[in-house]
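Following: one structure in structure tokens, then a few remarks.
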Amino acid sequence: MTITITAFERSPDGGQGMARDMRVRWALEEVGQPYGVRLLSFKAMKEPAHLALHPFGQIPTYQEGDLALFESGAIVFHIAERHAGLLPDDANARARAITWMFAALNTVEPPIVDREVAEYLEDETWYERRLPFIDERIRKRLGELSGRLGNADWLDGAFSAGDLLMVTVLRRLEGSGILEEYPNLSAYVARGKARPAYKRAFVAQLAVFTAAPTA
């Protein structure tokens, strides 16, 4: 059965791999599974056909036969459970990798997304007042993560779905100057981006933006 995911017809990030379909593309590339992509406009994302797949009108979604999933973390988890390569065979190591998946999305990502929302959607004066507090929360999490990672290549032994999600979360800080304050985390993200599967996923997502007509 062919796997089909949904993605932005014209990504707001300029095709730089920040949109959450990147996580799913990367996971599928890591496990060697082919997939098709259905591109959606912002209007189409709010129409009944897509809302039947994703009740919150977002991307990505995942369809395979009669299975339809939404939420990038859940989709990556499904892929990792279905195909070898993203979760360890050892039961305890597998449980720890899954824990890191949740940590990436539930602990590390929220303050980073708060920063993005404040920057683009809030009044400039209010944003300037809030930014130091948001950045303090981010630095607290990055300091804790940096201490745990230490000099290791990956979070817990071999590369896993936990690393895949954590790298995509940390990438959202690129250009802010904050990530660079933690050299081991910067190097960690660079290792993730150097993986062949990541590069294939990035090129595929960028190609969509490059090919899209200018709004």
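Restricting attention to segment 147-158, report how many residues are out of contact with any helix residue (DSSP H, G or I) (no Cβ under 8 Å at 6 or more places or on another chain) and either open to solvent by less than 30 Å² (accessible area, probe 1.4 Å) or among the charged types (D, E, K, R) (or both). If you could, list the steps in order and put the result at the bottom.
Taking segment 147-158 as the starting set, the residues that turn out to be out of contact with any helix residue (DSSP H, G or I) (no Cβ under 8 Å at 6 or more places or on another chain) are 147-148, 152, 158.
Still in the list and also either open to solvent by less than 30 Å² (accessible area, probe 1.4 Å) or among the charged types (D, E, K, R) (or both): 148.
Counting residues in segment 147-158 that are out of contact with any helix residue (DSSP H, G or I) (no Cβ under 8 Å at 6 or more places or on another chain) and either open to solvent by less than 30 Å² (accessible area, probe 1.4 Å) or among the charged types (D, E, K, R) (or both) gives 1.
Scanning segment 38-76 for residues that are touching a residue at least 40 places away in the same chain (Cβ under 8 Å), within 29 Å of Ala97 (Cα to Cα) and touching a helix residue (DSSP H, G or I) at 6+ places or on another chain (Cβ under 7 Å) yields Ile59, Pro60, Tyr62, Ser72, Gly73, Ile75, Val76.
Going through Gly65, Gly85, Gly57 one at a time, which residue ends up being exposed (fewer than 12 other Cβ atoms within 10 Å of the Cβ), within 27 Å of Val203 (Cα to Cα), at pLDDT 95 or above and not acidic (Asp, Glu)? Exactly one residue qualifies, and that residue is Gly65.
Does Ile79 meet the test of being in contact with a strand residue (DSSP E or B) (Cβ under 7 Å, 6 or more places away or on another chain) and under 19 Å from Ala19 (Cα atoms)? Working first, answer last.
Working: in contact with a strand residue (DSSP E or B) (Cβ under 7 Å, 6 or more places away or on another chain): no; under 19 Å from Ala19 (Cα atoms): yes.
Spelling it out, it is not the case that Ile79 is in contact with a strand residue (DSSP E or B) (Cβ under 7 Å, 6 or more places away or on another chain) and under 19 Å from Ala19 (Cα atoms).
Close contacts from segment 146-168, counting a first residue that is touching a residue at least 40 places away in the same chain (Cβ under 8 Å) and a second that is open to solvent by 10 Å² or more (accessible area, probe 1.4 Å) and of a type in the set (D, E, K, R), with Cβ to Cβ under 6 Å and a gap of 6+ residues or different chains, come to Asp156/Arg96. Of all residues in segment 166-209, those satisfying the criterion of being assigned to a helix (DSSP H, G or I), under 21 Å from Ala152 (Cβ atoms), of a type in the set (Lys, Arg) and open to solvent by 30 Å² or more (accessible area, probe 1.4 Å) are Arg191, Lys193. Identify, by number, the condition in (1) closer than 25 Å to Thr107 by Cβ; (2) modelled with pLDDT of 95 or more; (3) among the charged types (D, E, K, R) that Asp13 doesn't meet. With respect to (1) closer than 25 Å to Thr107 by Cβ; (2) modelled with pLDDT of 95 or more; (3) among the charged types (D, E, K, R), Asp13 is out only on (2).
Condition test on Phe8, is it surrounded by fewer than 21 Cβ atoms within 10 Å (Cβ to Cβ) and of a type in the set (A, V, I, L, M, F, W, C)?
On the way: surrounded by fewer than 21 Cβ atoms within 10 Å (Cβ to Cβ): no; of a type in the set (A, V, I, L, M, F, W, C): yes.
No; evaluated as a whole, the condition is false for this residue.
Across segment 68-82, what is the number of residues that are over 17 Å from the mean Cα position of the chain (by Cα) and either surrounded by fewer than 13 Cβ atoms within 10 Å (Cβ to Cβ) or within 15 Å of Gln33 (Cα to Cα) (or both)? Quick ask: steps written out before the conclusion?
So the first thing to find is which residues in segment 68-82 are over 17 Å from the mean Cα position of the chain (by Cα), and the list is 68, 81-82.
Checking the rest, the ones that are also either surrounded by fewer than 13 Cβ atoms within 10 Å (Cβ to Cβ) or within 15 Å of Gln33 (Cα to Cα) (or both) come to 81-82.
Residues in segment 68-82 being over 17 Å from the mean Cα position of the chain (by Cα) and either surrounded by fewer than 13 Cβ atoms within 10 Å (Cβ to Cβ) or within 15 Å of Gln33 (Cα to Cα) (or both): 2 in total.
Residues in segment 177-208 that are modelled with pLDDT under 95 and more than 16 Å from Val37 (Cβ to Cβ): 1 in all.
The values are calculated or read from the model by the stated rules, or taken from the named source; none is laboratory data. Bear in mind that the values here come from a model prediction, so they are computed numbers and not experimental data. No Cβ is skipped: glycine too gets one built from the backbone with ideal geometry, and neighbour counts run over all protein chains shown. For the accessible areas, the whole protein counts, side chains as well, though only heavy atoms, and no ligand, DNA or RNA atoms are used. Shrake-Rupley method; radii C 1.70, N 1.55, O 1.52, S 1.80 Å.
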